[in-house]
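Some notes on the structure that comes next.
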Amino acid sequence: QQSNRLDVMQMRDVLLTIKGLYMRGDTHDDIEFATQAQLFCEDGVYTIVYDGPEAAIPDESKTVIRVEDRTVSVLRDAEGSIPFMFEDKTPYKTNYRAGDNFYDMLLFPTKVHTKLAEDHGKIELEYTISVDGSQAINKIDMHYAPLE
């Protein structure tokens, strides 16, 4: 029987598609983009590295997504960036920086679903986020597949 997970995988170029929905009050913002990403897997920990749609702006950084067991972490590789940690029904509290100001941020994942393999995978996240007393609901669906 062949396992769907690899213990060690060389870096693989994949096409990453990200769809997001941000809802705050009556405001709904959608984002959708596809980009080339690098996929790594070592000891069951999957890492996806990509440049976001703002990569055309000079000095923009990469985004790193790590999936280990039931936890998904997302970190932009930029100065002052903070990681976002997603574990189902587990609150994550941190400080959020916007310009020179810092705000308390509480992230509460209501759905963390991952199905990852060597050639195809998906990550589905739904969460509420509260920053300085303002609350929003976010949904992010990420899918990767081999580059054509």
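What dipole magnitude, in Debye to the nearest 20, does the range 90-148 give about its Cα centre under +1 on Lys/Arg Cβ and -1 on Asp/Glu Cβ?
My answer is approximately 220 debye.
Over the chain, give the accessible area per residue in Å² for a 1.4 Å probe, as an integer.
64 Å²
Which loop-located chymotrypsin sites (Phe, Trp or Tyr not before Pro) does the range 68-148 contain, where loop means any DSSP state but H, G, I, E or B and the Cβ has at most 14 other Cβ atoms within 10 Å?
Passing sites in the range 68-148 do not exist.
Show 14, 131 ordered by accessible area, largest first, where the area counts protein heavy atoms only and the probe is 1.4 Å.
131, 14
State the extension gain, in nm to one decimal, for the chain segment bounded by residue 49 and residue 137, taking 0.36 nm per residue of separation less the distance between their alpha-carbons.
Once the chain is fully extended between residue 49 and residue 137, it gains 29.2 nm.
Mind checking the dipole of the chain: about its Cα centre, +1 per Lys or Arg Cβ, -1 per Asp or Glu Cβ, Debye to the nearest 20?
The dipole of the chain has a size of about 440 debye.
Using a probe of 1.4 angstrom, how much of the accessible area of the chain is carbon and sulfur, in percent?
For the chain, the apolar C and S fraction of the accessible surface comes to 46 percent.
Hey, rough spin-label estimate for residue 88 and residue 24, points 7 angstrom out along Cα→Cβ, what's it come to in nanometres?
Label at residue 88, label at residue 24, 2.9 nm between them.
State the three equivalent ellipsoid semi-axes of the chain, derived from the C-alpha gyration tensor as the square roots of 5 times its eigenvalues, in descending order and whole Å.
27, 18, 15
The values are calculated or read from the model by the stated rules, or taken from the named source; none is laboratory data. These numbers were taken from a predicted model, which means no experiment stands behind them. Reconstructed Cβ throughout: ideal geometry from the backbone, glycine too, with neighbour counts over all protein chains shown. To get the accessible areas, we keep the full protein, side chains included, count just its heavy atoms, and leave off ligands, DNA and RNA. Shrake-Rupley method; radii C 1.70, N 1.55, O 1.52, S 1.80 Å.
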